[in-house]
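Asker: Take this structure, written in C-alpha cells, and hold onto it; I'll ask about it next.
The values are calculated or read from the model by the stated rules, or taken from the named source; none is laboratory data. In this text, all values refer to a predicted model and were calculated from it rather than measured experimentally. For neighbour counting, all protein chains shown are included, and Cβ atoms are generated from backbone atoms with ideal geometry for every residue, glycine included. Keep in mind that these areas ignore ligands, DNA and RNA; they rest on the heavy atoms of the full protein, side chains included. Shrake-Rupley method; radii C 1.70, N 1.55, O 1.52, S 1.80 Å.
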Amino acid sequence: MQRKFVRTDLALDAHEKHSQALGDISGAALKKFDIRGFTVTELNISSPDASNLLCKPIGNYYTIEIKKFIERRENSFTDAAETVAELLRRFEAVANAGSFLIACLGNEKITPDAIGPITADSLIVTRHLISSAPETFASFSSVAVLRTGVLGTSGIESADSLKAICREIKPDCVIAVDALASWELERLCKTVQLCDSGISPGSGVGNNRAQLNSETLGIPVIAMGVPTVIDAAAFTDEESATGLFVTPRNIDELVSSVSRLIAYGINIALHDGLTVSDIDLLVE
C-alpha cells in the first residue's frame, strides 16, 4: 500500500526515496566520504528539475552521521565538533565572511523544537567586544546571536525579525539553526544537515513560515539542523496518524547534546585557533 506523504527536511531523505525509484537523478550529484571517522554525504542540487523533484532548493547539502558521538565513543565530541566546523568552512559564504548573525530558531519550551535556543547558550558572542576593544579581540570574528522565538509566542515572523536585525548590524552571513524532521528513524538526533540554500522554519511539520535565504535577507544564509521528529505517516496509513509526529523517549538528553555539538562546531569554525577546551572556559 502506498504510504501517505511523509514530511522531511533532509535532502538526503528525499534523494534516497527518489533515486530508489528512478535511479540516477540528473542535476543531483551525490558523494560520500569520511572525516575523522564520521560518514559525510554531500549532495549538490544544481538544476530546477532536480530541485522540483526533491522539493529542496538548489544548493549544496552536507549530512554528517553522528551516531558515534551519540554513543559517547572516546574523543567523539571533539572529533564531531571539528568535523562540523570543517564542513561549515567549506561554504564560501562562511570562509569569506568576517561578521555573522546566528539565528537560533524554535521554541525553547517544546523540547524537540529547542535545538536553536539551546544552541544559543553555548555560542561565543563577540560583536560587542570587538566594537569596544578591537585590538584585544582581533583574532575573533564578529558574532551576534538572535533567539527569534516563534510566531505563536512573539507575534513576529522570524524572517521579519531577521530582516530588521540584518539592516541594523549588516552581517556578512547568517547561520540559521533549527530542529528538523526526517522520515528515517536511524537519522533522528543522529545526523546534522548543513546547507547554503537557507531554511523555511516549521516546514518539516507542515507549519511553513516565511523562508530565510539570500533572496529574503539579501545576504548568504547557511542553515544547520538536526532531525528531532518523524512523521507518524512513515509508520501507518491510519487517518488518525495525520498530523502526528514522533520523537525519541530520551529527547531531552539528545537535544542538549546535539545543541552543544552544533554550538561548538560553529565556535570553532568562526574563531580561528579555538579548541574545545578553550570554548569550555569561555562559555561556562
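Asker: If I filter the stretch 168-186 down to residues being more than 23 Å from Glu108 (Cβ to Cβ), surrounded by 18 or more Cβ atoms within 10 Å (Cβ to Cβ) and of a type in the set (A, V, I, L, M, F, W, C), which single residue comes out as farthest from the chain's Cα centre (by Cα)?
Answerer: Across the stretch 168-186, the extreme among qualifying residues is Trp183.
Asker: Which members of the stretch 87-101 meet the condition of being in contact with a Ser or Thr (Cβ under 8 Å, 6 or more places away or on another chain) and at pLDDT 95 or above? Quick ask: steps written out before the conclusion?
Answerer: We begin by selecting, within the stretch 87-101, every residue in contact with a Ser or Thr (Cβ under 8 Å, 6 or more places away or on another chain); these are 97-100.
Within the stretch 87-101, Ala97, Ser99, Phe100 qualify.
Asker: Working carefully through the options Ser214, Ser203, Ser257, Ser240, find the one that is among the hydroxyl-bearing types (Ser, Thr, Tyr), at pLDDT below 95 and either within 14 Å of the chain's Cα centre (by Cα) or open to solvent by less than 30 Å² (accessible area, probe 1.4 Å) (or both). Before you say what the answer is, go through the steps one by one.
Answerer: On the way: Ser214 fails: either within 14 Å of the chain's Cα centre (by Cα) or open to solvent by less than 30 Å² (accessible area, probe 1.4 Å) (or both); Ser257 fails: at pLDDT below 95; Ser240 fails: either within 14 Å of the chain's Cα centre (by Cα) or open to solvent by less than 30 Å² (accessible area, probe 1.4 Å) (or both).
Checking each option against the conditions leaves just Ser203.
Asker: Take Ser158 and tell me if it is of a type in the set (Gly, Ala, Ser), in contact (Cβ under 8 Å) with a residue 12 or more places away in the chain and open to solvent by less than 40 Å² (accessible area, probe 1.4 Å).
Answerer: Working: of a type in the set (Gly, Ala, Ser): yes; in contact (Cβ under 8 Å) with a residue 12 or more places away in the chain: yes; open to solvent by less than 40 Å² (accessible area, probe 1.4 Å): yes.
For Ser158, the condition - of a type in the set (Gly, Ala, Ser), in contact (Cβ under 8 Å) with a residue 12 or more places away in the chain and open to solvent by less than 40 Å² (accessible area, probe 1.4 Å) - is met.
Asker: Within the stretch 95-105, how many residues turn out to be within 21 Å of Ala179 (Cβ to Cβ) and open to solvent by 10 Å² or more (accessible area, probe 1.4 Å)?
Answerer: Step one: of the stretch 95-105, the residues within 21 Å of Ala179 (Cβ to Cβ) are 100-105.
Next, from what is left, pick out any that are open to solvent by 10 Å² or more (accessible area, probe 1.4 Å): none.
Number satisfying all stated conditions: 0.
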